[in-house]
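Have a look at the structure below, then the notes.
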Amino acid sequence: MLDADLIARFGHIKLLSLDLDGTLTDGGLYYAEDGSELRKYFVQDGFGIVAVMRAGIEVALITQSDTPSIGRRIEKLNIRHGYMNIHDKLPKLKEICAATGIGLDEVCHVADDLNDLELMQAVGLPVAVANARPQVKAAAAYVTEAAGGHGAVREVCDLLLAHKI
């Protein structure tokens, strides 16, 4: 159950920012015989992302990873702010915010690992997935019940939609 402060924070969000590995995926990497890297995505997360975009919430996907399959997922979901091979994520998020006129306090970032800590500390609503590292959970205002790659992003999308102002 969310308290009134957390409900208000979810209602204030104009940009959903997402990590990829361990957040939109379960963190597992599969290697094909040709050496290509594969990831498994949870279809309900994608449905939630599309739903929040249709409701007027911007979505950004910022990942350190860089493979053609990630680009395909960004394209398939029509994520306008999809960026790969970003090792310092906060400047990229600030750039997105400047371009959209959205303040960092109006951003929800969902993550699982230490490389997102700085970003989580900068946004209005930091969210950790259930299987996140302990330090990430400690920095979060909300920890999902679902694990990354198993509906955590959909859970956040549903909360954003339920409490949208």
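The values are calculated or read from the model by the stated rules, or taken from the named source; none is laboratory data. Given the structure is predicted, the values throughout are model-derived calculations rather than measurements. Glycine gets a Cβ as well: all are built from the backbone with ideal geometry, and neighbour counts include every protein chain shown.
Restricting the search to region 24-54, which residues are under 15 Å from Arg80 (Cα atoms) and either charged (D, E, K, R) or surrounded by fewer than 20 Cβ atoms within 10 Å (Cβ to Cβ) (or both)?
Of all residues in region 24-54, those under 15 Å from Arg80 (Cα atoms) come to 46, 49-54.
Of everything in region 24-54, those that are under 15 Å from Arg80 (Cα atoms) and either charged (D, E, K, R) or surrounded by fewer than 20 Cβ atoms within 10 Å (Cβ to Cβ) (or both) turn out to be Gly46, Val50, Ala51, Met53, Arg54.
From the list Ala130, Ala138, which residue is in a helix (DSSP H, G or I), without any contact (Cβ under 8 Å) to a residue 60 or more places away in the chain and surrounded by fewer than 19 Cβ atoms within 10 Å (Cβ to Cβ)? Outline the logic, then answer.
Details: Ala130 fails: in a helix (DSSP H, G or I).
None of the other options fit; the residue is Ala138.
Hey, could you check region 1-19 for residues that are assigned to a helix (DSSP H, G or I) and among the hydrophobic types (A, V, I, L, M, F, W, C) and say which is surrounded by the fewest Cβ atoms within 10 Å (Cβ to Cβ)? Talk me through it step by step, then tell me what you get.
Just the residues of region 1-19 that are assigned to a helix (DSSP H, G or I), to begin with: 4-11.
Narrowing further to those that are among the hydrophobic types (A, V, I, L, M, F, W, C): 4, 6-8, 10.
On the way: Ala4: 7, Leu6: 15, Ile7: 14, Ala8: 13, Phe10: 23.
Checked region 1-19; the qualifying residue surrounded by the fewest Cβ atoms within 10 Å (Cβ to Cβ) is Ala4.
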Selection status of Pro68, modelled with pLDDT under 95 and surrounded by fewer than 14 Cβ atoms within 10 Å (Cβ to Cβ): yes
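Go through region 20-44 and give me each residue that's among the hydrophobic types (A, V, I, L, M, F, W, C) and part of a strand (DSSP E or B). I'd like the intermediate steps shown before the answer.
Applying the first criterion (among the hydrophobic types (A, V, I, L, M, F, W, C)) to region 20-44 yields 20, 24, 29, 32, 38, 42-43.
Within region 20-44, just Leu38 meets the criteria.
Within region 143-165, can you find the residues that are more than 20 Å from Val50 (Cβ to Cβ) and buried (at least 18 other Cβ atoms within 10 Å of the Cβ)? Don't jump to the end; show me each part of the working.
Initially, region 143-165 is screened for residues more than 20 Å from Val50 (Cβ to Cβ), giving 143, 145, 147, 165.
Of everything in region 143-165, just one residue is more than 20 Å from Val50 (Cβ to Cβ) and buried (at least 18 other Cβ atoms within 10 Å of the Cβ), namely Ala147.
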Answer residue from region 45-69, given it is assigned to a loop (DSSP other than H, G, I, E, B) and of a type outside the set (A, V, I, L, M, F, W, C) and is farthest from Leu90 (Cα to Cα) among those: Gly56
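Per-residue answers, yes or no, for (1) under 12 Å from the mean Cα position of the chain (by Cα); (2) over 22 Å from His12 (Cα atoms):
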position: Glu58; (1), (2): yes, no
position: Thr63; (1), (2): yes, yes
position: Pro68; (1), (2): no, yes
position: Arg73; (1), (2): no, yes
position: Leu77; (1), (2): no, yes
position: Arg80; (1), (2): no, no
position: Leu93; (1), (2): yes, no
position: Leu104; (1), (2): no, no
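Does Phe42 meet the test of being in contact with a Cys (Cβ under 9 Å, 6 or more places away or on another chain), under 20 Å from Val127 (Cβ atoms) and among the aromatic types (Phe, Trp, Tyr)?
On the way: in contact with a Cys (Cβ under 9 Å, 6 or more places away or on another chain): no; under 20 Å from Val127 (Cβ atoms): yes; among the aromatic types (Phe, Trp, Tyr): yes.
Answer is no for this residue.
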